[in-house]
Amino acid sequence: MNLLGNAIKFTHHGQIKLSVHRGPTGVVFTVQDTGIGIPASQQALIFETFHQGTAHTQSHYGGNGLGLSISRRLVSMLGGQISVKSHEGQGTTFSFTLSLQPVPALEPADRDSVRALQSTSLPLHFWWSTTTQ
């Protein structure tokens, strides 16, 4: 949720894309935006507690610099690693993979709702588009 919140916060126009798919080592979660991007000099620091990129970013967008450090810690506790790719002025992509194991299906209480879910085409893609007028 923090990654999506940041994408919304820093994307004034363009789109935000959340994708979830099965990868070779687990389930891959990716949040990609066309927002302001992160300067290369700041990318190694953004996961540090109380760090918010440049002074301009901190004064213009607010926040306290905890979200990404908490996100990194949660992903780590679940056995994964989070990564970032960003180009200033072009957008940012955050990704992490979790080694989630399949669980046996439970007997459904409502067979009609299960049939509806089974007929849904996968993978699901979500987009958030913003425009400034």
Just for region 88-121: of the residues that are modelled with pLDDT of 90 or more and hydrophobic (A, V, I, L, M, F, W, C), which one is surrounded by the fewest Cβ atoms within 10 Å (Cβ to Cβ)?
Leu98
Matching residues, region 42-56, being surrounded by fewer than 15 Cβ atoms within 10 Å (Cβ to Cβ) and either modelled with pLDDT of 75 or more or basic (Lys, Arg) (or both)
Ala44, Leu45, Glu48
Can you tell me which residue within region 1-41, out of those that are surrounded by fewer than 18 Cβ atoms within 10 Å (Cβ to Cβ) and part of a helix (DSSP H, G or I), is nearest to the chain's Cα centre (by Cα)?
Leu4
Which pairs do you get when a residue that is farther than 23 Å from Ser41 by Cβ and modelled with pLDDT of 55 or more, found in region 57-82, comes within reach of a residue that is exposed (fewer than 14 other Cβ atoms within 10 Å of the Cβ) and not charged (D, E, K, R), reach meaning Cβ atoms under 6 angstrom, with the pair 6+ apart or on two chains?
Gly79/Ser99
Within region 75-87, how many residues turn out to be touching a helix residue (DSSP H, G or I) at 6+ places or on another chain (Cβ under 9 Å), closer than 18 Å to Thr25 by Cβ and loosely packed, with under 13 Cβ neighbours inside 10 Å?
1
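The values are calculated or read from the model by the stated rules, or taken from the named source; none is laboratory data. All figures in this text were calculated on a predicted structure; none of them were measured in a lab. All Cβ positions, glycine included, derive from the backbone under ideal geometry; neighbour counts span all protein chains shown.
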